[in-house]
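Notes follow once the structure below has been shown.
The values are calculated or read from the model by the stated rules, or taken from the named source; none is laboratory data. All values derive from a computational prediction rather than experimental measurement. Virtual Cβ from ideal backbone geometry, glycine too; neighbours counted across all protein chains shown. Ligands, DNA and RNA are excluded from the accessible area calculation, which covers all protein heavy atoms including side chains. Shrake-Rupley method; radii C 1.70, N 1.55, O 1.52, S 1.80 Å.
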Amino acid sequence: MNLHEYQAKELFRQAGMPVNPGEVASSPDEVRALAEKYGGTVVVKAQVHSGGRGKAGGVKLADGPDEAAEHAETILGMEISGLVVEELLVSPAEKIATEAYVGVLVDREGQCPVFMVSAEGGVDIEEVAATNPDAVHKLRVDPRYGLMPHQAYWMATRLYDEPALVRQCAKVLSGLYDAFTRNGASMAEVNPLISTEDGQVKAIDAKVSIDGNELFRRPTVEALRDTASEEQGAARAREAGLSFVKLDGSVGCCVNGAGLAMATMDLVKYYGGEPANFLDIGGSSNPDKVVAALEIITADPNVKVILFNIFGGITRCDDVARGIVEAAGRIDIRVPLVIRLTGTNEELAREILADAGFEAVASMDEVVQAAVRVAA
Ligand code: GDP
Ligand code: MN
């Protein structure tokens, strides 16, 4: 789950990091009022779940309230990475001397958090890593001990020479580690971390992703979720208790069990098709889940066929069949369904489907080949 800059900054402040002040607005008049309040030059920034807002024209400096309102007019409603800007963050503009990059994320290989820092901040860090890898410094943290002071100082000395800046930077890094662990983040970064002309180190941008598995025990972080900018179908799937990942193909997949779902996607690819999604309806016997699954899959305009692959264990095939029939009555399914059901109550399931005019096959190869043929 991604956070907006202003939300990430609030978590950083709570962890004691120096962050530039700012307030959120959603209209040019509100932006004008904030610019008056701050006085002087302000920066107006699009709040969308995307990096590179500056390059896309979503970050603009304004010399006074009128110009700030003009920028708000331009940026509100703008699309950045397919996301519509509805909120702006207004901050007093900083006088920047240097821009650095600091970030911490989960190192899966090392099974620990890893810091990445670079004196070349303010630009795309992946690009720096690709073109000038020596400019990016990495440091793994042992989660049993956390970030040790000497490690924070080692990184800070990669970024600054002046002792006063090094000290401030080390504090920023330990705050960042705190914010990362306290909130169950999978990634937390500051780009740029600036030093100002008067010798202060502070974060003027913030990006945080939270690990979805951490949310159940962090209701205050969960409350920061922005449902509007979630991927299509993701919110509906979460409500219905389905595991769903949208993909770009045309074969909609509705499968029970993550393993079978993966195997089904593999087979779709093997026979020359492209799956439109990963969807695991889970192991329960609940026709409502099937209805929700069909609603989510049919909402994707790329889907040309819907493939059911059900192995009835705890899941009863007759329940899934009832779900399919119910969904067909409730929603307008404009694409063909190809169905394979096997296991618990499969005979009964076939009868239910046949009565409603659907046909089911028994083999996985057969049903996948049929789906790929229809989608072609
Ligand atoms: P991003 O493009 O989405 O990463 O948004 P940033 O918040 O990083 O802003 C992009 C760039 O705008 C920064 O790298 C800065 O160079 C510039 N910028 C942002 N805030 C200020 C500010 O307060 N003063 C000045 N002078 N430049 C700023
Ligand atoms: Mn940035």
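Yes/no per residue for (1) within 14 Å of ligand 1 (Cβ to nearest atom); (2) at pLDDT below 95; (3) on the phi > 0 side of the Ramachandran plot:
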residue	(1), (2), (3)
GLU10	no, no, no
PRO28	no, no, no
GLY51	yes, yes, no
SER81	yes, yes, yes
GLU94	yes, no, no
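Any chance region 2-9 includes a residue that's free of Cβ contacts under 8 Å to residues at least 24 places away in the same chain, under 21 Å from LEU224 (Cα atoms) and not aromatic (Phe, Trp, Tyr)? Scanning region 2-9, I find no residue that is free of Cβ contacts under 8 Å to residues at least 24 places away in the same chain, under 21 Å from LEU224 (Cα atoms) and not aromatic (Phe, Trp, Tyr), so the answer is no.
All of VAL290, VAL255, VAL305 fail the test of being surrounded by 23 or more Cβ atoms within 10 Å (Cβ to Cβ), touching a residue at least 12 places away in the same chain (Cβ under 8 Å) and closer than 13 Å to VAL368 by Cβ, apart from VAL255.
Within region 57-89, being in contact with a Phe, Trp or Tyr (Cβ under 9 Å, 6 or more places away or on another chain) and in a loop (DSSP other than H, G, I, E, B) holds for one residue alone: GLU87.
Condition check for GLY273 on (1) part of a helix (DSSP H, G or I); (2) modelled with pLDDT of 90 or more: one failure, at (1).
Looking for something in contact with a helix residue (DSSP H, G or I) (Cβ under 7 Å, 6 or more places away or on another chain) and open to solvent by 40 Å² or more (accessible area, probe 1.4 Å) - is there at least one such residue anywhere in region 2-13? Within region 2-13, none of the residues are in contact with a helix residue (DSSP H, G or I) (Cβ under 7 Å, 6 or more places away or on another chain) and open to solvent by 40 Å² or more (accessible area, probe 1.4 Å).
Conditions (1) open to solvent by 30 Å² or more (accessible area, probe 1.4 Å); (2) over 24 Å from GLN200 (Cα atoms); (3) assigned to a helix (DSSP H, G or I), marked per residue:
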residue: ASP29; (1), (2), (3): yes, yes, yes
residue: ARG32; (1), (2), (3): yes, yes, yes
residue: ALA35; (1), (2), (3): no, no, yes
residue: VAL43; (1), (2), (3): no, no, no
residue: VAL48; (1), (2), (3): no, yes, no
residue: GLY52; (1), (2), (3): yes, yes, no
residue: LYS55; (1), (2), (3): yes, yes, no
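For region 114-136, indicate whether the set of residues that are in a strand (DSSP E or B) and open to solvent by 30 Å² or more (accessible area, probe 1.4 Å) is non-empty. Within region 114-136, one or more residues are in a strand (DSSP E or B) and open to solvent by 30 Å² or more (accessible area, probe 1.4 Å).
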